[in-house]
């Protein structure tokens, strides 16, 4: 690893699996008519960033050329195109890091997160936001309301993921909701479900410290999985959490096979299950329970129309709080150290500061 360059556009780059470095990338051109040039100030580390670092790929997305990392960012507007009206130079913004084609069937039906031609930051072959400059269309820059910090702005991305998952689950007032996984997205799903009026919110994890944090943060009940069958774990979860005939909604934010299996057994008849976490490509699945319970099953991928703005609004109105999730902040030059800490499972959300001027 070389030291961070003091160039015009220092960037934190993944060259190949296990190989991180700093490079001085070209400064982006003057923004187009509807584009905004942003200086990212804070960037959170996502599990996908670490996965690319360790493995060099996620599914069919393969790092074949050096790629700037980072996609959970907030920043300050440095320049705007001559048609931009929603933000101005100096504004602080949350940065939605995926820009769809806007023309395909999926985009036109309002599911732009499913666009086959999505250009998503730090997903090969597109560069991410861990650099001095990054360009986005103006409608993917969300001005931070007065009183919201740039650090909170960097947490809008995972909050938008949780908003989308919770919308897929159609959580409504009075629902009982179980969330598997007490990592950042799982915790935020608990918080959003609470904001949407869920009566009982159960956090499930094997890490007792994270479960304890979740109970202080947004969950009302907890369950720590045991090394027993998924059917028995599901039964125990229902009993210990007082879920009656089973949970109304279960969200998996782990991607772990035992969690998914347990979740299906813990749902009530006609309940809703949403898969938010990514795991192995194929698993053994309790299909009989799914059929006989007539379960509503949905996947969830990133975020779609309205999710980012909803996330901003939820934080701005203090219906949810994200400050507690930030367990560490590092300088740009310490980015690799921060990645190593996330890989080791330390903390909840680590933020990397943008390059010094």
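All of the numbers you see were taken from the coordinates with simple rules; none came from a lab. In this text the structure is predicted, and so the values were computed from the model without any measurement. Every residue, glycine among them, receives a Cβ derived from its backbone with ideal geometry; neighbour counts consider all protein chains shown.
Okay, here's what the table says:
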{"quantity": "Crossing angle, helix 184-195 versus the chain [Cα axis fit, 0-90 degrees, rounded to tens]", "calculated": "70 degrees"}
{"quantity": "Between segment 28-73 and segment 239-305, the alpha-carbon center distance in angstrom", "calculated": "30 Å"}
{"quantity": "Residue exposure sequence - 210, 302, 103 - by fewest surrounding Cβ within 10 Å", "calculated": "103, 302, 210"}
{"quantity": "DSSP beta bridges in the chain [antiparallel fraction, %, rounded to 5]", "calculated": "60 percent"}
{"quantity": "Ranked list, fewest to most other Cβ atoms within 10 Å of each Cβ, for 245, 288", "calculated": "288, 245"}
{"quantity": "At 0.692 mPa s and 37 °C, Stokes D of segment 112-209 from Kirkwood alpha-carbon radius, µm² per second", "calculated": "208 µm²/s"}
{"quantity": "Value at 222 nm in deg cm²/dmol, rounded to 500, when DSSP H runs of n ≥ 4 in the chain each add -39,500 (n - 2.57)", "calculated": "-8000 deg cm²/dmol"}
{"quantity": "Least to most buried among 268, 102 (fewest other Cβ within 10 Å first)", "calculated": "102, 268"}
{"quantity": "Percentage of interatomic Cα-Cα distances in segment 60-111 larger than 13 Å", "calculated": "74 percent"}
{"quantity": "Overall dimensions of segment 162-299 as given by Cα atoms, namely Rg and Dmax in Å", "calculated": "13.0, 36"}
{"quantity": "Normalised contact order of the chain, rounded percent, pairs of Cα under 8 Å and 6 or more residues apart", "calculated": "17 percent"}
{"quantity": "Rg and Dmax [Cα atoms of the chain; Å; Rg one decimal, Dmax integer]", "calculated": "20.4, 62"}
{"quantity": "In degrees, nearest ten, helix 230-240 long axis to first principal axis of the chain (Cα)", "calculated": "80 degrees"}
{"quantity": "Helix 156-169 vs. the chain, principal-axis angle (Cα, 0 to 90°, nearest 10)", "calculated": "30 degrees"}
{"quantity": "Label point distance in nm, residue 58-residue 346, each placed 7 Å from Cα along Cα→Cβ", "calculated": "2.3 nm"}
{"quantity": "Convex hull volume per residue for segment 289-357, taking Cα atoms only, in Å³", "calculated": "190 Å³"}
{"quantity": "Projected-area average for segment 233-357 over all orientations - Cα convex hull basis, square nanometres", "calculated": "11.1 nm²"}
{"quantity": "If the convex hull is drawn through the Cα atoms of segment 1-114, its volume per residue in Å³", "calculated": "139 Å³"}
